[in-house]
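The values are calculated or read from the model by the stated rules, or taken from the named source; none is laboratory data. Source: prediction; values computed, not measured. Note: ideal-geometry Cβ built from the backbone for every residue, glycine included; neighbour counts use all protein chains shown. The accessibility values were calculated without ligands, DNA or RNA, using every heavy atom of the protein model including side chains. Shrake-Rupley method; radii C 1.70, N 1.55, O 1.52, S 1.80 Å.
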Amino acid sequence: MEVRAVELITTPLHTSVGPFSVAQPLPTHALRYADPFLLLHHAGPHTFPPGSEGAKIEAHPHRGFEPVTFVFQGSVLHRDSLGNQGVIGAGEVQWITSGSGIVHEEGPTPQMARDGGTVELIQLWVNLPAQRKMMRPAYQELRTDAIPSVQSAGGAVTLHVVSGELHGVRGPAITQSTVITAMGTMQAGGRGVVDVPPVPTVVLYVLSGRVRVNHTHVVEGQRLVMFGTTGTGFHVDVEESGSMLLLAGEPLNEPMVQYGPFVMNTEEEIREAFRDVARGAFGTL
Ligand code: MN
């Protein structure tokens, strides 16, 4: 095995999305784009005391990319202009292909706010290839029983494979380019190798716990490890149990223009997205 070298370990920015404070390890000044991964928001863990007011991110549009939500704790509610409505629980994933346009709202379930509970999730934006940006929007809800798991790194990490293939196990999500994603749980004291396919982009995000990667500490406050473009697996040495997200993919290598909730290839396509929203072409809830 040719070890995949650690290229960069970064500290997230902190921002807010609607009522939620989130860590933003991508993009940052140090890492603008991990093609095809555009943005990573880690919300929570946020604990609602019993009797909390429900809070949600009000209806908003998306075009040209895929917002993917990985729920690690608690549950979230979703409603969109395709007519989908549902609850995504811990260990489950919602994979939205916004394509030509979708409008949705998202937030913790009202029942969770009322009864109290903890929510922790990641929202990842995956770019779409130029020729698929205006595809018909699509929606996938991946339940825990549909997401296979596999032990890696000598049992140090359990990977729940959402898309693509890792350690011989294939995830259920339909993707529009080569995109490999897995939610992982790390066991303290475990060590070994996590194998990744020979694609150029590989990113590890540590939500919680402490780990050494190729003998380099991911220290407190740092969370995102960007690997070099060659090699296969990397070594992990788990010092404190926790959870992680593993991302790998083939770069699109296309021009990218992002403005707010739209990710296109040109400025003109962004202006067109605003015009289309204004004339109601994205639909309504
Ligand atoms: Mn959204």
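Table for the structure above
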item	result
Solvent exposure ordering (accessible area, 1.4 Å, most first) of D35, D115, D145	D145, D115, D35
Portion, in percent, of the accessible area of the chain that falls on carbon or sulfur, probe 1.4 Å	51
Using alpha-carbon coordinates, inclination of helix 267-278 to the longest axis of the chain, degrees	50
Qualifying trypsin sites (Lys or Arg not before Pro) for the stretch 109-163 [loop in DSSP, other Cβ within 10 Å: at most 13]	R143
Solvent-accessible surface ranking, highest first, for R223, R279 at 1.4 angstrom	R279, R223
Spatial separation of Cα centroids for the stretch 256-282 and the stretch 147-220, in angstrom	34
Average projection area in nm² (convex hull over Cα atoms of the chain, one quarter of hull surface)	14.1
E2 accessible area, assembled protein chains, probe 1.4 Å, Å²	110
Whole-number percent relative contact order across the stretch 6-278, with pairs defined as alpha carbons under 8 Å at least 6 apart	19
Value of [θ]222 nm, deg cm²/dmol, for the chain, DSSP H segments ≥ 4, -39500 (n - 2.57) each, nearest 500	-2000 deg cm²/dmol
Percentage relative contact order, the stretch 22-125, counting C-alpha pairs under 8 Å, at least six apart	40
Accessible heavy-atom area order of D195, D276, highest first, probe of 1.4 Å	D195, D276
Per residue value of the accessible surface for the chain (all protein chains in place, 1.4 Å probe), Å²	42
